[in-house]
Amino acid sequence: MKINKKTPYGQYYEEYLYHNVYLNLSKKRSLGIANEMEAAKATAMLIKKSKIKFNSILDAGCQSGHYLYTLRKRFGSEFSYTGIDGFENHIKAAKKIWQRDQKAKFYKCWIQKINIKTRPHDISFSINVFTHLPEINKALKSLNKHTKKLCIIRTPIHEISYKIQQVYNSKWYKHTTVKPIDEFDAYGNPRSCNLFNVYSKEFFTHAIKKNFDKCKITFVKDTFFDAKNINKKEDKFLPTKVINGMQISDIMIVPNCFVLIEKL
Ligand SMILES: C[S@@+](CC[C@H](N)C(=O)[O-])C[C@H]1O[C@@H](n2cnc3c(N)ncnc32)[C@H](O)[C@@H]1O
């Protein structure tokens, strides 16, 4: 087991490689035996609302491809779908589940360097991924290269940016060997953590303009969810809850936004 080892782009492998609770739920969603995600339904709704004609979709940070289940249900089987994910356990599961879907392909690669040899996809999306990245410029540049018409990103956006580190220790997170009393190094940095960053609209807009070709940017606050579905008991780890209309992850308010980047 690779302990405290970082990915090439600075996340910890403990974040996903050994932690299967969310992957198992993703697999059930991909197979249609667990509820579709509210964010997946909202992504499909926004694609429909955009009225953009598409033949190809890229899902960056696809886990086992559970958004494909939602998309096939609403848009049929004509379009081709490419799922990429940096963690090999996710891609392995996705390939197995979707092996009969002739138009679905999965690749293990990091969002910061999507090195697949396909033409740019009509639509790309990356949902619930950017918040966990140490740095967003590379990922935006990479998405720009692989997007032809529309890119949708769902991530927390606020007036003020916050860099939030959820610090792993073995008492509450069994996939690390970091002891509770040893969580921080001599410089006060966590030995292992997961990021939950919130970006200011200003910073995020500037980063998109820097890395995308000419585009129209629209921020849409995620109010599309049904609280009852999010609060339903499912096999989750630190599940998101809705309290007073706000999405709460453990002790954090998560101001999720859909960022629509339409290429001009
Ligand atoms: C919180 S999950 C979200 C999964 C799915 N998009 C959803 O909304 O349910 C984040 C996903 O992004 C993947 N991921 C995290 N960092 C990544 C990176 N740097 N490059 C590619 N995939 C990444 C993880 O393996 C995981 O499948």
Checklist (1) under 29 Å from K27 (Cβ atoms); (2) without any contact (Cβ under 8 Å) to a residue 12 or more places away in the chain applied to E202, failing item: (1)
statement: Those residues of segment 162-177 that are touching a residue at least 40 places away in the same chain (Cβ under 8 Å) and either of a type in the set (G, A, S) or touching an Asp or Glu at 6+ places or on another chain (Cβ under 9 Å) (or both) come to a total of 5
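Every residue, every condition in (1) out of contact with any His (no Cβ under 7 Å at 6 or more places or on another chain); (2) modelled with pLDDT under 95; (3) more than 10 Å from the ligand (Cβ to nearest atom); (4) under 28 Å from K148 (Cα atoms), yes or no:
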site: S26; (1), (2), (3), (4): no, no, no, yes
site: A42; (1), (2), (3), (4): yes, no, yes, yes
site: L46; (1), (2), (3), (4): yes, no, yes, yes
site: D59; (1), (2), (3), (4): yes, no, no, yes
site: G65; (1), (2), (3), (4): yes, no, no, yes
site: G76; (1), (2), (3), (4): yes, no, yes, yes
task: Would you mention how many residues in segment 145-161 are touching a Ser or Thr at 6+ places or on another chain (Cβ under 9 Å) and either free of Cβ contacts under 8 Å to residues at least 40 places away in the same chain or in a helix (DSSP H, G or I) (or both)?
output: 0
task: Filter segment 153-172 down to residues that are surrounded by fewer than 22 Cβ atoms within 10 Å (Cβ to Cβ) and of a type in the set (A, V, I, L, M, F, W, C) and give me whichever is nearest to the chain's Cα centre (by Cα).
output: I164
task: May I ask you to say which residue of N128, N89 is touching a residue at least 60 places away in the same chain (Cβ under 8 Å), more than 21 Å from K145 (Cα to Cα), near the ligand (Cβ under 9 Å from one of its atoms) and surrounded by 15 or more Cβ atoms within 10 Å (Cβ to Cβ)?
output: N89
field: Selection within segment 214-264 - of a type in the set (D, E, K, R) and on the phi > 0 side of the Ramachandran plot
entry: D250
field: Criterion violated by N35 - all others in (1) out of contact with any helix residue (DSSP H, G or I) (no Cβ under 7 Å at 6 or more places or on another chain); (2) touching a residue at least 12 places away in the same chain (Cβ under 8 Å); (3) assigned to a loop (DSSP other than H, G, I, E, B) satisfied
entry: (1)
message: So E36 ticks every box in (1) at pLDDT 95 or above; (2) touching a Phe, Trp or Tyr at 6+ places or on another chain (Cβ under 6 Å); (3) within 12 Å of the ligand (Cβ to nearest atom) but one. Which box is left unticked?
response: (2)
task: Note down all Cβ pairs under 9 Å where the first residue falls in segment 96-115 and is more than 11 Å from D85 (Cβ to Cβ), the second is modelled with pLDDT under 95 and more than 14 Å from the ligand (Cβ to nearest atom), and they're at least six residues apart or on different chains.
output: K105/T118
statement: Taking segment 109-123 and keeping residues outside any loop (DSSP other than H, G, I, E, B), within 12 Å of the ligand (Cβ to nearest atom) and surrounded by 16 or more Cβ atoms within 10 Å (Cβ to Cβ) leaves I111, Q112
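The values are calculated or read from the model by the stated rules, or taken from the named source; none is laboratory data. Bear in mind the structure is a predicted one, so any value in this text is a computation, not a measurement. No Cβ is skipped: glycine too gets one built from the backbone with ideal geometry, and neighbour counts run over all protein chains shown.
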